[in-house]
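Presented below is the structure to which this report refers.
The values are calculated or read from the model by the stated rules, or taken from the named source; none is laboratory data. All values derive from a computational prediction rather than experimental measurement. Cβ placement follows ideal geometry from the backbone for every residue including glycine, while neighbour counts extend to all protein chains displayed. Ligands, DNA and RNA are excluded from the accessible area calculation, which covers all protein heavy atoms including side chains. Shrake-Rupley method; radii C 1.70, N 1.55, O 1.52, S 1.80 Å.
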Amino acid sequence: FTSVERVAQLGERRPDTPEVPGSSPGALTFFSPMEKAVLKELQPSEIGSVTALSDRYGSEELKNLLSKPSVKVHTLWWGEKIVGYAVVWIVGEEAQLHWFEIFRPFRGKGWANTFMGELLKRLQKEGVKRVTLEVSEKNTPALKVYLKWNFQRVGTRKGYYPDGSDALLMERNL
């Protein structure tokens, strides 16, 4: 058997691929090379794709961010569908992950790990040596992703968020 035939025979999904939104959990999912997730820098013409699925930034804010040389807005695409986006401030060899979001239809299906892996590879290629971020102690899904990718807790900002939760300061060397 080829590996694909064996996976089909066993009724399993490839462990290295996220689930497809709308499919039943554990459903057979095969990705052709044309369906591979692709990391891209956000283009001004694509801003509407982000604002349609996220309320974190408005169109004007994203346009403003795209005009700053120290800011990169990365998007993850699967075919014609945008899966999520990340806002990264880069200064020298350090990057601050300011925002990282997987859009609702894609959450809980492994896309955050795919996105983080591709993003860290891209940042390393761009000369980044260290990535920092902050995350609410209550944001369990995000914490799982950051810990999986070996981010280490380096500090705490007590009561930082409006709900009173602490901000965990994390970093990872590349």
Note to self: C-alpha centroids of segment 38-52 and segment 97-174 sit apart, in Å, by 20
Length gained, Ser136-Gln43, 0.36 nm per residue minus C-alpha separation, equals 30.6 nm
Simple SL model, points at 7 angstrom along Cα→Cβ for Glu94 and Glu60; separation in nm is 3.2
FRET efficiency for Asp163 and Lys36 from the Cβ-Cβ distance with R0 = 45 Å, rounded to 0.05, comes out at 0.75
If every Lys and Arg gets +1 and every Asp and Glu gets -1 at its Cβ, then about the Cα centre segment 32-174 yields a dipole, in debye to the nearest 20, of 420
PRE zone check, label point 7 Å out along Cα-to-Cβ of Val154, amide N under 17 Å, scope segment 58-91, hits 88-91
Order by accessible surface, 1.4 Å probe, largest leading, for residues His74, His98 comes to His98, His74
By the Kirkwood definition, with r running over pairs of different Cα atoms, segment 24-149 has a hydrodynamic radius in Å of 15.4
